[in-house]
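The block underneath contains the structure these notes are about, expressed in structure tokens.
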Amino acid sequence: MANSSKMKAVVYQREGVLALEERPVPVLQKSTDAIVKVTMAAICSSDLHIKRGAVPRAKPGTILGHEIIGIIDEIGNDVHGLKKGDRVTVNCETFCGECYFCKRGYVNNCSAPGGGWTLGCSADGGQAEYVRVPFAENCLNKIPDHVPDDAALLVGDVLSTGYWAAQIADLHPAETIAIIGAGPTGLSTAMCTKLYSPACTVMIDISQERLEFARKHGLADVIINPKEEDVEKKIRELTDGRGADRVFEVAGGKNTFEMAWKIARCSGVVCIVAMYEEPQMLPLHEMYGKNLVFKTGGVHASCCGEILQLIENGKIDARPLITHKFTLDDVMEGYRVFEAQEDGVIKVAVIPG
Ligand SMILES: [Zn+2]
Ligand SMILES: [Zn+2]
């Protein structure tokens, strides 16, 4: 039980305005809920999309934060397999597990009220001291004892996204993979595609600093900065003129959308991971005969348990991505640094109290 009835929380007040507010500590509303005491939350680029007013279903007045770990503080009677005191990851999507989509693993499309991406968007999220998690049995995963908080923080969102992207891209060993965007999600995608043993991972970004980060941490074999090199030409040189077998578009710009299908080889897969803020043009007349397969976002975040197992066994280590930590009191400075991409920031962790 929470000690006081008030807590601090980051609230999306209206387009362009976030603020640290005092809010009531959430309480159980259904027997399938849990209340999680947040030990760490991350700031995600989706939070910036919401701030900019680019997420139509985001509700003003909502507490942000959908990348969360914590300790179960209260638990509903119908949540099985978990108990008060468990250290858990929280899925960015909450899902019923019973509807048409959930039964097929498409949890992002969960049709139950409160299903899909609602936490930190249309329902109060976890950049706060406590968060109410609906469908807790589906959406909380116990963190193995010797996995530290830093290693588990990104499981519920960016690692889930990278893991899902790698799953849907139909990867095979020894392929050439191009990842456009070396931000947190691009780097997570590189971490998860490595599980499929690509022959070569090419990371593309206009930030030389982020490219070097990727190379330093073994997440890129080749780096390309479009400001300095012709990306399409370089990719063709690397692939005997064919193009990349699999392309992940994780940058979210008009130019990067175009780059994605241009650098893909014939009959390749283009995986659109990014969240765009405006429509993109798909010039089918230009790509006729290229026989591309397009896959589009967003993530079905239903593999947190598997990802935790991979972390436990040393197959994935996302700790280097957490470059900055701020207390909840200083969270607005954290947002500023993250949005400005200052000081080599990749991910900002927020620690309440
Ligand atoms: Zn996110
Ligand atoms: Zn469902």
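FYI, it's all coordinate maths here, none of it is from the lab. Computed from a predicted model, the values in this text were never measured in an experiment. All Cβ positions, glycine included, derive from the backbone under ideal geometry; neighbour counts span all protein chains shown.
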If you build a Gaussian network model of the chain, linking Cα atoms that sit under 10 Å apart, which residue out of 58, 136, 19 swings the most?
19
If each K or R counts +1 and each D or E counts -1, the residues other than residue 252 whose Cβ falls under 13 Å of its Cβ total -3
Whole-Å semi-axes of the stretch 230-353's equivalent ellipsoid, largest first, each the root of 5 times a Cα gyration tensor eigenvalue?
34, 19, 15
Give me a comma-separated list of calculated 3J(HN,Hα) values for the stretch 29-45, in order, Karplus coefficients 6.51, -1.76, 1.60 applied at θ = phi - 60°, integers in Hz, x for any Gly or Pro.
10, 9, 6, 9, 8, 9, 9, 10, 7, 6, 9, 7, 9, 10, 8, 10, 5
Would you calculate, for the chain, the mean residue ellipticity at 222 nm contributed by helices, counting each DSSP H stretch of 4 or more residues as -39,500 (n - 2.57) and dividing by all residues, to the nearest 500?
-6500 deg cm²/dmol
For an R0 of 41 angstrom, estimate the FRET efficiency from the Cβ-Cβ distance between residue 315 and residue 281 and round to the nearest 0.05.
0.60
Cα-based reach from residue 262 at 16 Å (exclusive), listing lysines while leaving out same-chain residues under 8 positions away:
233, 234, 254, 290, 295
Towards the positive end of the charge dipole of the stretch 6-46, with charges on Cβ (+1 Lys, Arg; -1 Asp, Glu), say which of 17, 45, 27 has the farthest Cα.
27
Give the lysines whose C-alpha is closer than 29 Å to that of residue 30, dropping any in the same chain fewer than 8 places away, or say none.
6, 8, 59, 83, 84, 103, 142
Between the residues 121, 88, 292, the Cα farthest towards the positive end of the dipole of the chain, that dipole coming from +1 and -1 charges on the beta-carbon of Lys, Arg, Asp and Glu, is from 292
Give me, ordered by chain and number, the residues 5 or more places off residue 55 or on other chains with an amide H under 5 Å from its own placed amide H.
none
Mind listing the phi-derived Karplus ³J(HN,Hα) values for the stretch 169-176, rounded to whole Hz, using 6.51, -1.76 and 1.60 with θ = phi - 60°, and x for any glycine or proline?
7, 6, 6, 10, x, 6, 8, 9
The stretch 160-296, dipole about Cα centre (Lys/Arg Cβ +1, Asp/Glu Cβ -1), debye to the nearest 20:
220
Give me the percent relative contact order of the stretch 160-296, please, defined on Cα pairs under 8 angstrom at least 6 residues apart.
23
Here the longest stretch of the chain that holds no GluC sites (Glu not before Pro) in a DSSP loop having at most 14 other beta carbon atoms within 10 Å is 99-227
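Say a site is exposed when it is one of the trypsin sites (Lys or Arg not before Pro), sits in a DSSP loop, and has at most 10 other Cβ atoms within 10 Å; what is then the longest site-free stretch of the chain?
It runs 228-353.
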Express in nm, to one decimal, how much length is gained between residue 6 and residue 21 on full extension, taking 0.36 nm for each residue of separation and deducting their alpha carbon distance.
4.4 nm
Can you bin the stretch 53-114 into rounded, prolate or oblate? Criterion: square roots of the alpha carbon gyration tensor eigenvalues sorted a ≥ b ≥ c, rounded for a/c under 1.5, prolate for a/b above b/c, oblate for the rest.
oblate
Cβ charges +1 (Lys, Arg) and -1 (Asp, Glu), total dipole of the stretch 309-353, debye:
220
For the chain, what relative contact order do you get, as a whole percent, if you take Cα pairs closer than 8 Å and at least 6 residues apart?
17
If you wrap a convex hull around the C-alpha atoms of the chain and split its volume per residue, what is the figure in Å³?
130
Computed for the stretch 98-159: size of charge dipole around the Cα centre, +1 on C-beta of each Lys and Arg, -1 on C-beta of each Asp and Glu, debye to nearest 20, value 360
Heads up, the stretch 160-296 by the C-alpha gyration tensor (a ≥ b ≥ c square roots of eigenvalues; a/c under 1.5 rounded, else a/b over b/c prolate, else oblate) looks rounded
Within the under-14-Å Cβ sphere about residue 146, not counting residue 146, Lys/Arg +1 and Asp/Glu -1 give a net charge of -2
Please enumerate, by chain and number, the aspartates and glutamates with C-alpha under 14 Å from the C-alpha of residue 315, excluding those fewer than 8 residues away in the same chain.
306
